[in-house]
Amino acid sequence: MPADPAARRLPLVLAVVVVLALAVSGISPHDRFTWILETIWVIIGVPLVAVLWGRFLLTSLLCCLLAVHALVLIVGGHYTYAEVPFGFWLQDTLDLSRNPYDRLGHLMQGFVPAILVRELLVRTSPLRRGAWLNVLTVSACLAFSAFFEMLEWWTAIAVGEAADAFLAVQGDRWDTQWDMFCALIGATVSITLFSRLHDRQITRLTTTPPHEPAVP
């Protein structure tokens, strides 16, 4: 099975787009401290994927989702989540009481990691594809969301008011619960939508003959 050159170029193209977006977002962000906190996952993630790429190729689906998630984080870091213009547009269009961009961010916090966790479990563990794989994947995403809320809590304790833009609570006392619920919904929807496509890509990636380049 010949490798698709376009598929092999896709990860590089996505990486270039993400790095350029990160560089632009670092120019006069709304709050430099918040920018660092929000984009640190991208700053660490891109080099990590690059270092591991030769030993562990990722599916095209996961690469695309990771890039989209990175862009969501980058935009939120530049403006702060409570001040993103697209969020204000959604607020006006849907007649909401707050800027909902942080809700989108937490949906992505479940939507994208669900495919990442699923790929790692399928390819590195004896767990079979099926109901238990889905349950464990969604559970892992919800656990990470809860851990992220604790990170926000610890950051707020450590730096005080300087963390307000990072928290993006916007006066909602149920913000933590909403964030975790959004991650749960995102993970569930992602597994429902992409499981079959993901399985096909994993099979193609892991069964490529040794003498042929792998298709991510």
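Could you tell me which residue out of 184, 124, 174 lies farthest along the dipole of the range 5-206 toward its positive end? Charges go on the beta carbon: Lys and Arg +1, Asp and Glu -1, centred on the Cα centre.
Farthest towards the positive pole: 124.
Only Cα pairs within less than 10 Å get springs; with that Gaussian network setup on the chain, which residue of 40, 27, 74 has the largest fluctuation?
Taking springs between Cα atoms under 10 Å, the residue moving most is 27.
State the answer as a single residue: which of 23, 77, 159 lies farthest towards the positive end of the charge dipole of the chain, with beta carbon charges of +1 for Lys and Arg and -1 for Asp and Glu, about the Cα centre.
Going by the Cα projections, it comes out as 23.
Using only Cα atoms, find the angle between the long axis of helix 131-159 and the longest principal axis of the chain, and express it within 0 to 90 degrees, rounded to the nearest 10.
Compared with the principal axis, the helix lies near 40 degrees.
Starting from the 7 Å offset along Cα-to-Cβ, what nm value, one decimal, do you get for the label separation of residue 158 and residue 20?
3.4
Could you state the angle between the C-alpha long axis of helix 101-124 and the longest principal axis of the C-alpha atoms of the chain, as a value from 0 to 90 degrees rounded to the nearest 10?
Between helix and principal axis, roughly 30 degrees.
Under a Cβ-Cβ cut-off of 15 Å, what is the net charge of the residues other than residue 120 that fall near it, where Lys and Arg count +1 and Asp and Glu count -1? Please report the intermediate quantities before stating the final value.
Values: positive: 55, 118, 123, 128, 129; negative: 119, 199.
Around residue 120, the surrounding residues sum to +3.
What are the ³J(HN,Hα) values, in whole Hz, obtained from phi via the Karplus relation 6.51 cos²θ - 1.76 cosθ + 1.60 with θ = phi - 60°, for each residue of the range 24-31 in sequence order, with x given for Gly and Pro?
Taking θ as phi minus 60°, the curve returns 5, 5, x, 7, 6, x, 4, 8 Hz for the range 24-31.
Quick check for me: using +1 on Lys/Arg Cβ and -1 on Asp/Glu Cβ, what's the dipole size of the range 5-206 about its Cα centre, in debye to the nearest 20?
1420
For the chain, modelled as a GNM with alpha-carbon contacts under 10 angstrom, which of 48, 142, 58 fluctuates the most?
Of 48, 142, 58, the most mobile in the Gaussian network model is 48.
Between the range 97-132 and the range 22-71, how many Å separate their Cα centres?
Going from one Cα centre to the other spans 16 Å.
Return the calculated 222 nm mean residue ellipticity for the chain, to the nearest 500 deg cm²/dmol, obtained by summing -39500 (n - 2.57) across DSSP H runs with n ≥ 4 and dividing by the residue count.
-25500 deg cm²/dmol
On a full-extension model of 0.36 nm per residue, what is the gain between residue 36 and residue 203, subtracting their alpha-carbon distance, rounded to one decimal in nm?
Length gained between residue 36 and residue 203: 56.4 nm.
Report the full-extension gain for the segment residue 56 to residue 13: residue separation times 0.36 nm, less the Cα-Cα distance, to one decimal in nm. List each step's numbers first, then the result.
Values: separation 43, 0.36 × 43 = 15.48 nm, distance 1.81 nm.
Length gained, residue 56 through residue 13: 13.7 nm.
Given 91, 61, 43, which one lies farthest toward the positive end of the charge dipole of the chain, if we put +1 on the Cβ of every Lys and Arg and -1 on the Cβ of every Asp and Glu?
Result: 61, furthest along the dipole toward the positive end.
Compute the FRET efficiency between residue 196 and residue 120 as 1/(1 + (r/R0)^6), taking r as their Cβ-Cβ distance and R0 = 22 Å, and round to the nearest 0.05.
0.75
Nearest 10 degrees, 0 to 90: what angle lies between the long axis of helix 60-79 and the longest principal axis of the chain (Cα atoms)?
Result, in degrees: 20.
So, counting K/R as plus one and D/E as minus one, what does the shell of residues with Cβ under 14 Å around residue 140 add up to?
Net local charge, residue 140 excluded: 0.
Given Cα pairs under 8 Å that are at least 6 residues apart, what percent is the relative contact order of the chain?
Values: 236 pairs, mean separation 61.7, N = 216.
It comes to 29 percent, rounded to a whole number.
Suppose R0 equals 30 Å. What FRET efficiency, 1/(1 + (r/R0)^6) with r the Cβ-Cβ distance, do residue 27 and residue 95 give to the nearest 0.05? The partial results should precede the final answer.
Values: r = 33 Å, r/R0 = 1.11.
Calculated transfer efficiency: 0.35.
Every number here is computed from the coordinates shown, using simple stated rules; none is lab data. Treat the numbers as computed from the prediction; the structure is a model and nothing was measured. Because the Cβ atoms are built from the backbone with ideal geometry, glycine has one as well, and the counts that use them run over all protein chains shown.
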